[in-house]
Amino acid sequence: MAATPECPARVMVVDDDDDARAMLEDFIRRSGRQSVPARSGVEALELAHVNDDIALVITDVNMPGMDGIELGQRLSDVLPDAPVIVLTGHGSMETVVRALRAGAYDFHVRPIELDILAHSVDRALEH
């Protein structure tokens with residue numbers, strides 16, 4: 001379903017850090033989109049099963065249980081048209097390559113400038 005002014009794009013924000021998730025949720029809302037928050041990969045998968053209109057996923061890499069890269073792989077079965085943007089505070093070239101090979105649309109190392117993230121989100125939603 002395409003986003004419209006009456007029905008803005010829904011973006012799932014997955015991060016186990018409450019402050020980081022809240023900042024991303026605020027960023028998404030200020031961009032005119034709806035935020036669907038999740039505290040873990042497991043919670044994100046559960047939400048994806050009941051929210052099949054999610055247009056984009058932004059996830060942290062380092063989370064307990066299921067990391068953001070595995071989450072992206074598993075979400076491709078549930079939300080095949082939703083691109084995944086991966087964020088991490090501990091970026092290495094190995095992590096970037098692993099994420100992109102797993103199907104991530106984009107990858108950013110924190111701290112990230114919000115205008116760069118906004119550009120990435122816009123491109124992913126147009127994709």
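The values are calculated or read from the model by the stated rules, or taken from the named source; none is laboratory data. Just so you know, these numbers come straight off a predicted model, no measurement behind them. Don't worry about glycine lacking a Cβ; one is built from the backbone with ideal geometry, like all the others, and counts go over all protein chains shown. Only protein heavy atoms, including side chains, enter the accessible area calculation; ligands, DNA and RNA are left aside. Shrake-Rupley method; radii C 1.70, N 1.55, O 1.52, S 1.80 Å.
To put it simply, the accessible area of region 55-127 at a 1.4 Å probe is 50 percent carbon and sulfur.
Excluding ligands, DNA and RNA, what is the solvent-accessible area per residue of region 66-108 at a probe of 1.4 Å, expressed in Å²? All intermediate terms of the calculation are to be shown ahead of the outcome.
Values: 2190 Å² over 43 residues.
With all protein chains present, region 66-108 gives 51 Å² per residue.
Largest GNM mean-square fluctuation across Val14, Val50, Val84, computed for the chain with C-alpha springs under 10 Å, falls on Val50.
Free of any GluC sites (Glu not before Pro) that DSSP assigns to a loop and that have at most 15 other C-beta atoms within 10 Å, the longest stretch within the chain is 7-112. Based on the alpha-carbon gyration tensor of the chain and its eigenvalue square roots a ≥ b ≥ c, which shape applies: rounded if a/c is under 1.5, prolate if not and a/b is larger than b/c, or oblate? Here the chain falls in the rounded category.
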